[in-house]
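Just so it is clear, none of the values below were taken in a lab; they were calculated from the coordinates. Computed from a prediction, not measured in an experiment: that's the story for all the values here. Here Cβ is always computed from backbone atoms with ideal geometry, including for glycine, and neighbour counts include all displayed protein chains.
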Amino acid sequence: MGRRKKKKDKENWNGNGRRRRSKISMDTKRSIIAVLLIALAILSVFSLFGGAGAFGTYLNKILALAFGAGRFLLPLLLAIVGFMYFRRGTESYYVFVTAGFILFFASVLGIIHIFHPLLKMLEIAKSGQGGGFLGTAAAYPVLHLFGFWAGLVVLLAIALASLLLALNVPFRALVKPVEWIKEKEDEAEDERGEEGREEPKITIEEKPSAAARISEMLKRRPEKIVPEKGMPVSERQRMIAGWKLPPLNLLERTTGTAKAGDIEANAKIIQKTLKNFGIDVEIGEISVGPSVTQYCFKPAAGVKLSKITTLNNDLSLALAQHPIRIEAPIPQKSLIGIEVPNKVPTLVRLRDILESTDFSERKSNLTVALGQDVAGNYILSDVSTMPHLMIAGATGTGKSICINTIITSLLYQNSPDDLKFILIDPKRVELTAFNGIPHLLTPTVVDNGKVANALKWVIGQMEERYKMLQDSGSRNIFSYNEKIKGGRKKEIVDEETGEITDKEEKRLPFIVIIIDELADIMASHAKEVEAAIVRIAQMARAVGIHLIVSTQRPSVEVLTGLIKANITTRIAFQVATQIDSRTILDMAGSEKLLGNGDMLYLSARSPKPKRIQGVFVSESEVRRVVKSIRSQLKEEVEYDEGVTAPQKLSFGAKGLAFFGGGGEGEDELYEEAEETIMRAGKASASLLQRRLRVGYARAARLLDILEANGVIGPADGSKPREVLIESGRRDIGQSEVGYEDEPKDQKTRERWQM
């Protein structure tokens, strides 16, 4: 106890032997002054009307002698000054406020007193009339030097100037206060970068002081571009081949506004923090987005970017913001970008993008709205050029909303004849809301056992479409549909009569397969689903079939190497670790996102991912759009039950697909090769080369087919392959792999496929 007491005594005494005094903050002092001024104003009012007792009587006499008739104006001025002291500002601000109102009050008293004769001014002040003694002090020298009219002009000028000084407003604010207030509100919105597509993005070329550069940058901003409300939609958008597209009033506009905080202060803090670590930078651009503000800097010559990227935590500490993302360098710019979260983010609504000029000038009806970048520009992407998309991120970061946005964007552009969906939702709650619309080929697939069947059906459609393209001499679905539009007909020969008739062909609709949770499906049917996804991703683009997969578990067991190699367009939402980010994007970054739709978008056309605030579509908006589409139907939609029915399609160990369960017809020497390896009891390429007298390429191909059909096992280094079936039991190797297989055969097959 004694040690603690001595230590406490030492803290309370300074080095000169004097007791330290606790400091009172400036905010506390200003608040005390404001309270006293307002209290004095109230007491002055009571004293004027005899409601403050003896004290009020004496106070009224003093005010009458000092200010005369001006004492009735004093309470109002005291109250105004008191309330202005409650506002936060610099010390000079309060000096100007106090001095301005004192000078204004004195000049007003002088104006009141200048109307009395010069020789009687003192007598009138003693009687408590006119402007009192203070009015005499102000009016007497002015009247003596300038005379009445010139002196009156001088006092009026002083009163007006002091009022402008105290209120810190221009002259037009007093003449046209309504217009000035409106201008101030517009300027405030511009400075905060609250609304509009194009936010501040200004390059500073000159280098005066840091404060001057930032102020100049915030003043020289582009004019905001706001989509016109109720912008008319073109006829092509409203009606497509007799199909009425959903109206835009079913969607909501953006109502909130983003607040980036003190942009000038943040830029100075970043510059000072970097300078503390020996890094000199020059302010380049500041871009305010819906969720983050990007501060761009140009590093001095000789500064390594790696030194800047390692200061992420130091900048977070200095700005008191987390997480902060550093982009070094920004693509196509010699700048580094430091992205700081906004104080108040804003939602990006789908309706704003659909009404924008960017969307109306699109070149494809497969355009989807992704969101806004850090500069406030709308980001659109064409599904046909993706051509497949992978979405991954932690739970609750915006994956399902992103999928709803993609589906809704496409529904606003396509009729059921132009676009079809296959929706796969093992969670049963995300995509089932779209059931009942004619754009679906089958109701939302929620049973994992039917997912592989649906994907096999898609592969069958893909093969059939390729044959149609081959017969018509078309390279892709676009040229095929153009030929159908031009009146192309297919000649059909009647087998009995030999007559040739022309049959009109229909346009091929685009097919978009959306899988909302890939991890759950891969856990139960990994081999079949992975093989189907790879096959679709490799070949389906040209025939108008596109795949979108989503998962909340970005592990290598779910996003395998084959899937990632064939799906290059990816969206990463916030994840927990850098390892998850590298699994999705092959680079770090998504672990520093904010969540709530904040994403990194990586496409084959860009070497680095682009940060985007994703579009938000609510459940009520989705329900309204679905209801509007279903209201056009005269009867219930009849879906194709064959989509999820068992398909005659099997997948081998390497993902090769064969129709009809056989595969022997792939090579005329297949049966001879099978008999050869059965007699030898082993399988190798050199064995087939010697016995069948073929080259290595054909022998290796035969081994692949034998392995796919379950006749031989996988390669084991330089050792010959194991023969899995005995002679006379070839039917086992030729059986299909499906859900209807017996457990024993399925286990046998999985044993060598592992």
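Could you check the spin-label model distance between residue 69 and residue 632? Points 7 Å from the Cα along Cα→Cβ, value in nm.
Roughly 7.7 nm, to one decimal.
Can you give the local net charge around residue 113? Use residues other than it whose beta-carbon is closer than 15 angstrom to its beta-carbon, Lys and Arg +1, Asp and Glu -1.
Counting the neighbours of residue 113, the net charge comes to +2.
Could you please rank 541, 507, placing first whichever residue has the fewest other Cβ atoms within 10 Å of its Cβ?
507, 541
Residues with amide H under 5 Å of residue 259's amide H, sequence separation 5 or more or different chain, H placed in the peptide plane at 1.01 Å from N; which?
The answer is 343, 344.
How much length is gained on full extension from residue 343 to residue 679, taking 0.36 nm per residue of separation minus their Cα-Cα distance?
113.3 nm
What is the range 25-168's relative contact order, in percent, from Cα pairs under 8 angstrom and six or more apart in sequence?
The value is 27 percent.
Based on the mean of other beta carbon atoms within 10 Å per residue, what is the order of 400-409, 53-62, 34-43, most packed first?
400-409, 34-43, 53-62
With the cut-off at 30 Å, tell me which of the pairs 450/719; 427/483; 298/343; 427/485; 275/592; 420/608 have Cα atoms farther apart than that.
Table pairs above 30 Å Cα-Cα are 450/719; 427/483; 427/485; 420/608.
Order of 416-423, 715-722 by packing, highest average Cβ count within 10 Å first?
Peptide ranking by packing, descending: 416-423, 715-722.
From the phi angles alone, apply the Karplus equation (6.51, -1.76, 1.60; θ = phi - 60°) to the range 561-573 and give each ³J(HN,Hα) in whole Hz, x where the residue is Gly or Pro.
After applying 6.51 cos²θ - 1.76 cosθ + 1.60, I find x, 5, 5, 5, 5, 9, 10, 8, 8, 9, 10, 10, 8 Hz.
How much net charge surrounds residue 252 when only the other residues with a Cβ under 9 Å from the Cβ of residue 252 are counted, with Lys and Arg +1 and Asp and Glu -1?
Net charge around residue 252: +2.
Would you work out if the range 25-168 is rounded, prolate or oblate? Take a ≥ b ≥ c from the square roots of the eigenvalues of the alpha-carbon gyration tensor; rounded if a/c is under 1.5, else prolate when a/b is larger than b/c, oblate otherwise.
Since a/c reaches 1.5 but b/c is at least a/b, the shape of the range 25-168 is classed as oblate.
Per residue of the range 599-608, what does 6.51 cos²θ - 1.76 cosθ + 1.60 with θ = phi - 60° give for ³J(HN,Hα)? Whole Hz please, x for Gly and Pro, Karplus curve as stated.
Using θ = phi - 60°, the values come out as 9, 10, 10, 10, 10, 5, 8, 10, x, 10 Hz.
In the range 329-393, which GluC sites (Glu not before Pro) are in a loop and have at most 10 other Cβ atoms within 10 Å, using DSSP for the loop call?
Taking the range 329-393 and a limit of 10 other Cβ atoms within 10 Å, the loop GluC sites (Glu not before Pro) found are 361.
With each label point set 7 Å from Cα along the Cα-Cβ vector, what nm distance links residue 360 and residue 523?
The answer from the label model is 4.8 nm.
Placing +1 on the Cβ of each Lys and Arg and -1 on the Cβ of each Asp and Glu in the range 303-453, which of 434, 452, 315 has its Cα farthest towards the positive end of the resulting dipole?
In the range 303-453, that residue is 315.
What are the ³J(HN,Hα) values, in whole Hz, obtained from phi via the Karplus relation 6.51 cos²θ - 1.76 cosθ + 1.60 with θ = phi - 60°, for each residue of the range 245-256 in sequence order, with x given for Gly and Pro?
Computed from phi, the couplings for the range 245-256 are 6, x, x, 6, 6, 6, 9, 9, 8, 5, 10, x Hz.
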